1. Restricting to region 60-69, give me the number of residues that are of a type in the set (A, V, I, L, M) and at pLDDT 85 or above.
2. Taking region 1-36 on its own, how many of its residues are at pLDDT below 95, loosely packed, with under 13 Cβ neighbours inside 10 Å and polar (S, T, N, Q)?
3. Which members of region 62-77 meet the condition of being open to solvent by 100 Å² or more (accessible area, probe 1.4 Å) and assigned to a loop (DSSP other than H, G, I, E, B)?
4. Identify all residues within region 37-61 that are of a type outside the set (A, V, I, L, M, F, W, C) and open to solvent by less than 100 Å² (accessible area, probe 1.4 Å); write none if there are none.
5. Can you name the number of the only condition in (1) open to solvent by 90 Å² or more (accessible area, probe 1.4 Å); (2) touching a residue at least 40 places away in the same chain (Cβ under 8 Å); (3) in contact with an Asp or Glu (Cβ under 8 Å, 6 or more places away or on another chain) that Thr90 fails?
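The values are calculated or read from the model by the stated rules, or taken from the named source; none is laboratory data. In this text the structure is predicted, and so the values were computed from the model without any measurement. A quick note on method: Cβ atoms are made from the backbone with ideal geometry, for glycine too, and the neighbour counts reach across all protein chains shown. Remember, those area values only see protein heavy atoms, side chains included, never the ligands or the DNA or RNA. Shrake-Rupley method; radii C 1.70, N 1.55, O 1.52, S 1.80 Å.
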Amino acid sequence: MSLAGRLLYQWLPIRRRIVLENMRQVFPDRSEPQIRSLAERFYGHFWTAVRDMLRMFWMSEDDLRRHARIVGEEHLRRANREGRGALILTGHFGSWEFV
């Protein structure tokens, strides 16, 4: 469990009651200490997602390109030229796609 998760759980009570209630509903067989641990982990994940999203705003285009690979871009461009639609499929490998 991350230090950020424990700290945010303590110092950022936004929706804490709702998070705890949701954890109790989803995991009715868990003890209160286990529920609290899950809630702290949620806040830790929330911090990671926010941090990564903020980092992306300051990344250069080269940095972004190092984290993503585009395969088959020519097919998308051809469909666009021909006035046809296309589907773009992406993977999600972390708390944010580019970081």
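1. First, the residues of region 60-69 that are of a type in the set (A, V, I, L, M): 64, 68.
So of that shortlist, the ones also at pLDDT 85 or above come out as none.
So the count comes out to 0.
2. Matching residues across region 1-36 total 1.
3. Arg69, Ile70, Val71
4. Narrowing region 37-61 to residues of a type outside the set (A, V, I, L, M, F, W, C): 37, 40-41, 43-45, 48, 51-52, 55, 60-61.
Hits for region 37-61 are Ser37, Glu40, Tyr43, Gly44, Thr48, Arg51, Asp52, Ser60.
5. That leaves (2) as the condition not met.
One line per residue, one yes/no per condition, for (1) in a loop (DSSP other than H, G, I, E, B); (2) touching a strand residue (DSSP E or B) at 6+ places or on another chain (Cβ under 6 Å); (3) aromatic (Phe, Trp, Tyr):
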| residue | (1), (2), (3) |
| --- | --- |
| Arg30 | yes, no, no |
| Tyr43 | no, no, yes |
| Trp47 | no, no, yes |
| Met53 | no, no, no |
